[in-house]
Structure formats: structure tokens, C-alpha cells
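See below for the structure under consideration.
Quick note: the coordinates plus some simple rules give every number you see, no bench work behind them. Since we're looking at a predicted model, the values are computed, not measured. All Cβ positions, glycine included, derive from the backbone under ideal geometry; neighbour counts span all protein chains shown.
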């Protein structure tokens, strides 16, 4: 009996060792908001359904953090670059008449092609600014967003689903229903259980992407990337091309973001242009850090746990705030404070690559 208890205690300790303090705190706050919601008449299945929907939408965007962190370049604060590659590919797919599944497959294919080209240039930039990657990445991401704000205005798209009804430039929001792609991935094997809606298809694609990244990081190239990120001097001495690994990692990260925004758009029901992607990197970085990652180490478990907790908070806070402070201006203020507070708290948990 003692041996069994010892074994069970070891397993429990092994599991808890993988859960960070930020994850425990955010998880506790999430549970508290759900309890408050139920006490104020908000249905628990509705809150869980919203959480699963947001979890699937943001999953691949959060997953894009893993390759860049493992390579030693840190969290990919230039995530908007990949998102813009995906947005451009989607606009081209609409312009060229793709519809339904054809739109999804072609947009993803073109997004990956564009992301490989842009990601390669971005990876070269990261190699040129070693030691300042996160700062330069943030400025680069912001710079690309504002560059594309001008491009969305001048690119020669003529499809009426894309263009403003009057004047020049793309619409702020393009409906996925107009290309037959609204919820097209969510609805694969979609089902309800105890009132909770499970967007099976979107979740399967996210978990499949997680599996591919997990598989890649255990390949010879993936282990070389991890070795270069963990100890660049030792990796160089062992004959590993660290710079090449950093470029490959950032190409993969950019490609994941490009595909991720298409998955996001079909579920959200809109493609969004202009400044939509400006702060998306902070959401993804906060999620993976809440899940237990640092600026030097990240894994699939960190992505899944962190994304679930962060999106759980984001899904439950607005309706609970509305119920508690109905008829006032406070709900939106509270939502902003909570979401930005979680981001700030997550980022303060990392110092020099080690958790405090």
C-alpha cells in the first residue's frame, strides 16, 4: 500500500512540476470567474463553448512561438508578419475566385509559400541582431503592420467582396460567408455534449499542427535547433550551424502564423485587415508563458495549457462583467484590464530566460 501511495505521489508531483505558478494563478482566476458567472445566471456550457472556440482559433498562432523560442531567438514578437502573409494569401484566393474548401486549401498553400520567403528574410534579420531579438522583432512586426496598411490601400484587388463599396482600398472586415468558408473547419464532426459545443475539426487541425511541430523538434534538424538555442557556443563547437537553425525556426514560426490566421478567420467569420494583427503577438506570447514556457524553452504542453487558460479568461470575463455591472461603462474597462493584466503578469514572470 505504501509503495502504491508513493508511486501515486510521484506521478502527482511529476504533473504539478510541469504546471507553472502563473498557470495556477490564472487557472484559479478562471474558475472564480466561471463560478461568479453561474451565480449570476450565465450558463456554464455557454462559457465553456466560447472557451473551446477561442482555444481553437488562437491555438496555431500560439504554437508559432515554440520554434522561435527553441532556436534561441526568443518569443516571436514579429508574429504579425506571418499573420499578414496569411491575410495576403486569403485576399489573393478571393480575388482569383476560390470558394469553400478550394479557398481554404489554396489560401493555406499560398500563405505557406509567402511565409517561407518572408520568414527567411526575417530569420536573416534575427541573426544580424543577436542579443536584441525581442526588441527588434517587436518593431519589425509593428513596421510590417503599418507597411501593409498602405499596401491594403493601393494593391489592385478588384473583387467587390474585398474592396470598399466607395473609394479605394480593402474593407476592414471581409465576410467568410461570401467565400463559403464560414466555420468550414469548425463544422467537421462538430457535436454538443451537455450543452457544450465542440468545434471538432478546428481542434483536430490544431492538435495535428502540434503533432507536426512535436515531430519536427525531435528530428535531427529540430534537435540541432534546440541545441543551438540552449548553448550556441557548444553547438558551434559540435559543428552545428546555429544561424541556419535560427532561420529555419523563424520560417516555421512565420508559416504557422500564416496558416493560423486562416483557421482563425474561418471560425471568427471575418478576415480582418489593417491594424487587426498589431497586438496579436502579445496574446500568443502571454499564453505560452502562462503555460510554463520561458524565453529559452517552450514545448507543446506549454502551448496547450497556456492557450486554454488565457482564452478561458478572455471568454468568461466579458459576460461575467456584464452581469455584475449591467448598465454601466465598466464591463469593457474590466475586460481590457483583465486581458492586458494577464499579458503583463505573464511577461513579468520571465527574467533572463529563467522563471523567477
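Here are the numbers:
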item	result
At R0 = 22 Å, FRET efficiency that the Cβ-Cβ distance of residue 164 and residue 96 yields, to 0.05	0.65
Mean residue ellipticity (222 nm) of the chain, computed from DSSP H runs ≥ 4 via -39,500 (n - 2.57), nearest 500	-23000 deg cm²/dmol
Most mobile of 110, 36, 308 in a GNM of the chain (Cα contacts under 10 Å)	36
Fewest-first ranking of 163, 218, 54, using other Cβ atoms within 10 Å as the exposure measure	218, 163, 54
Rg(Cα)/(2.2 N^0.38 Å) for the range 90-238, N = residue count	1.38
The range 164-279: mean projected area of Cα convex hull, nm²	11.0
Neighbour-count order for 221, 316, 33, fewest beta carbons within 10 angstrom listed first	221, 33, 316
Packing rank of 78-85, 181-188, 205-212, where each peptide gets the mean count of other beta carbons within 10 Å, highest leading	78-85, 181-188, 205-212
Extension gain, residue 113 back to residue 135 (0.36 nm per residue minus Cα-Cα distance, nm)	5.3 nm
Translational D in µm²/s for the chain (Stokes-Einstein at 25 °C, 0.890 mPa s, Kirkwood Rh from C-alpha pairs)	115
Span from the the range 169-183 Cα centroid across to the the range 188-230 one, whole angstrom	26
